[in-house]
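The values are calculated or read from the model by the stated rules, or taken from the named source; none is laboratory data. No experiment lies behind these values; they were computed from the predicted model shown. Glycine also receives a Cβ, built like all others from the backbone with ideal geometry; neighbour counts cover every protein chain displayed. Please note that ligands, DNA and RNA were not included when accessible areas were found on the heavy atoms of the full protein model with its side chains. Shrake-Rupley method; radii C 1.70, N 1.55, O 1.52, S 1.80 Å.
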Amino acid sequence: LPSAIPCSPAQPVTPELLVSPSSQDGDLGSECPEDRGNWTGRLDFLLSCIGYCVGLGNVWRFPYRAYTNGGGAFLVPYFIMLAICGIPIFFMELSLGQFSSLGPLAVWKISPLFKGVGMGTILIVSLVAIYYNMIIAYVLFYLFASLTSDLPWQHCGNWWNTDLCLDHHVIKGGNTTFPVNITNTVSPSEEYWSRYVLHIQGSSGIGDPGKIRWNLCLCLLLSWTIVYLCILKGVKSSGKVVYFTATFPYLILLMLLIRGVTLEGAWKGIRFYLTPQFDHLLSSKVWIEAALQIFYSLGVGFGGLLTFASYNTFHQNIYRDTFIVTLGNAITSILAGFAIFSVLGYMSQELGVPVNQVAKAGPGLAFVVYPQAMTMLPLSPFWSFLFFFMLLTLGLDSQFAFMETIVTAVTDEFPYYLRPKKASFSAVICIALFLMGLILTTEGGMYWLVLLDDYSAGFGLMVVVITTCLVVTRVYGMKRFCRDIHMMLGFKPGPYFRACWMVLSPATMMALLVYNIVKYQPSEYGSYRFPAWAEVLGILMGILSCLMIPVGMVVAVLQEEGTLWERVQQASRPAMDWGPSLEENRTGMYVTSLAGSQSPKPLMVHMRKYGGITSYENTAIEVDREMEEESESESMM
């Protein structure tokens, strides 16, 4: 019997003839890393991807972006950008993850010279995870505040209200022949948000954070506790939680949509939302906005998709899943627009002001405008609770993905040490990010949140995606990448995907990057302008993730031998153990490259295991034959 113990969970008995000489000596595989694990249910992966992509941005960014960029006409550039940027890059990320069964750091065995791209991804995701969970903490705060018979932001007259506070019930009940001038007034919900929840009056700016708001701090602790308990056992636990967190928001969205469109004045809001203004399509800004919405909504470049796909079985049909998730995400955004703008239309009629005066994006919509609209409805605490519960479930599964990305990336780098202690390592990461996020719970915390939101995942993320696209198509090679997909799925990507990967997607991303740099505007929050040092800090945050790429290159080159050019060439080639993680899935060039490999042809492993040849083995034979023909033609030349 060979002394090497192969690193696969269930080992068939290997006939002597199939044992390679290399396995006869040394204890090469005697210490195997603990099994990574896989999704346990058929829908785990699909629902996790849907939950990750369908997040807060679908509710609070897309409807406003559509309304300000041509209404219904915005759907034209939106779907074109989905086809050019969204779907191809989404499919590329899933393919890389599923083919290698590796996280965002270890996947760079594909070209070790560019491992810095993975390091940049982890830095970006860590920064985003810090402030994203703070938003979930705000949602929890409002969720608990909704558990009353009378919403606390319904009326003026509380200790946090000022003389500028004007209750909408006063407007409605007042003399309509003399309309109230509301331009210099503030709604109770706005003062509740800024003066009670944030207590922002206790801070003079970003350099003066003030005291910690302990109620917010406890909400942040609770949100990190929920996240940790859900990712405790990796994809085995989070894969079950998403059955609820990915589906329940749709039920609530449907309830809010039905309630919204039955309100008086709803049509005013929907008309504002969807009236097409085709002249906007001549503006480059609209196309850039559409690409940005696709880019951030699908979550490409954050490593979440790659991480989730890495837990798939080798032949999972990610081609089908790509279209289900990307189109489902787009349809959800459009439906959310109806739910939001129907209520805004009702609100504008109640207040007697145009829709554009009540329409907002981002936190302003979630924590000021919509809560105010809820107070105008019968059973307002019920509708408020439903809305914030929807936001909670939308936010949580995106946060699961961020955390799983960080944990998977690091444990795949150090599998022997960290995989057996994955639960403890996850706890350490959660505690560290919670402590870093404490500054966001202070009175001036919103200024830091805006800074993180503006800079952490800006141009740095685009550089990461552009580099990934170019490395896979130019350095690794389009032919080889398509062959890998053929080996995995049984067919090669068509001309549409190849054209997008080679030219269209990188070119669009480059245009986005240039536009972002040229049209750069300093951060602001309301009327507050950030000081120069804060701007510099934000820009450095973005640049740091980009700097990881050259740093990774230097490290990779120093680990090689020979002249500088030889080192660069060697570091850019795939590592020896690059390829499918299971021996039975390795064909052609991947056969002998797996450490501790015991059989010369994985096909024989398949035949021992399944007692025959399946369609995927036929694909493997085709790929092998194709490669042999290519090598013969090259040798003849």
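Annotations
- Longest stretch of the chain clear of exposed loop sites (GluC sites (Glu not before Pro), DSSP loop, at most 10 other Cβ atoms within 10 Å, sites excluded): 265-560.
- Rounded FRET efficiency, nearest 0.05, which uses the C-beta distance separating Ser204 from Lys109 and R0 of 41 Å: 0.25
- The three principal axes of the Cα atoms in region 59-160 give end-to-end lengths of 63, 35, 20 Å, sorted in falling order.
- Residue-level accessible surface for His486, protein heavy atoms, 1.4 Å, Å²: 20 Å²
- Among the trypsin sites (Lys or Arg not before Pro) found in region 437-540, those both in a DSSP coil and sparsely packed, with 12 or fewer other Cβ atoms within 10 Å of their Cβ, are Lys519.
- A simple spin-label model places the labels of Val551 and Ala427 2.9 nm from each other, with each point 7 Å out along Cα-to-Cβ.
- With a cut-off of 14 Å between beta carbons, the residues surrounding Phe338 carry a summed charge of +3, where Lys and Arg count +1 and Asp and Glu -1.
- Per residue, the average separation of C-alpha pairs within less than 8 Å and at least 6 apart gives the chain a relative contact order of 30 percent.
- Region 481-534, Cα convex hull volume normalised per residue, Å³: 154 Å³
- Amide H contacts under 5 Å for Thr442: Arg213, restricted to partners 5 or more places along the chain or on a different chain, H placed in the peptide plane at 1.01 Å from N.
- Estimated D of region 279-398 in µm² per second, where Rh is the Kirkwood radius over Cα pairs and Stokes-Einstein applies at 10 °C, 1.306 mPa s: 92 µm²/s
- Full-stretch length increase - Lys233, Glu566 - with 0.36 nm per residue and alpha-carbon distance subtracted: 115.6 nm
- Between Ser527 and Glu264, the modelled label-to-label distance comes to 3.5 nm, taking each label 7 Å out from Cα in the direction of the beta carbon.
- In a DSSP loop and with at most 12 other Cβ atoms within 10 Å, the chymotrypsin sites (Phe, Trp or Tyr not before Pro) in region 412-512 are Phe491.
- Ranking by accessible area, most exposed first, for Phe302, Phe389 with a 1.4 Å probe: Phe389, Phe302
- Using the 1.4 Å probe convention, the accessible area of the chain works out to 42 Å² per residue with neighbouring protein chains retained.
- For region 148-153, the Karplus equation 6.51 cos²θ - 1.76 cosθ + 1.60, evaluated at θ = phi - 60°, returns couplings of 9, 7, 9, 4, x, 9 Hz by residue, with Gly and Pro reported as x.
- Under 5 Å from the amide H of Cys165 lie the amide H atoms of Val186, each residue being 5 or more positions distant or on a separate chain, with H modelled from the backbone and absent for Pro and chain starts.
- Close amide-amide hydrogen proximity is noted between Gly265 and no other residue 5 or more places distant or on a separate chain, at a cut-off under 5 Å (H modeled in the peptide plane; Pro and chain starts excluded).
- Sulfur and carbon atoms: percent of accessible area, the chain [1.4 Å]: 66 percent
- Surface calculation, 1.4 Å probe, protein heavy atoms: His315 sits at approximately 50 Å² accessible.
- Here the relative contact order of region 422-528, from alpha carbon pairs under 8 Å that lie six or more residues apart, stands at 30 percent.
- Of the DSSP H helices in the chain, those whose Cα atoms cover at least 15 Å axially and whose Kyte score averages 1.6 or more: 115-145, 214-231, 248-261, 422-436, 459-470, 532-558
- Remark on the chain: Rg and Dmax equal 26.9, 97 Å (Cα only).
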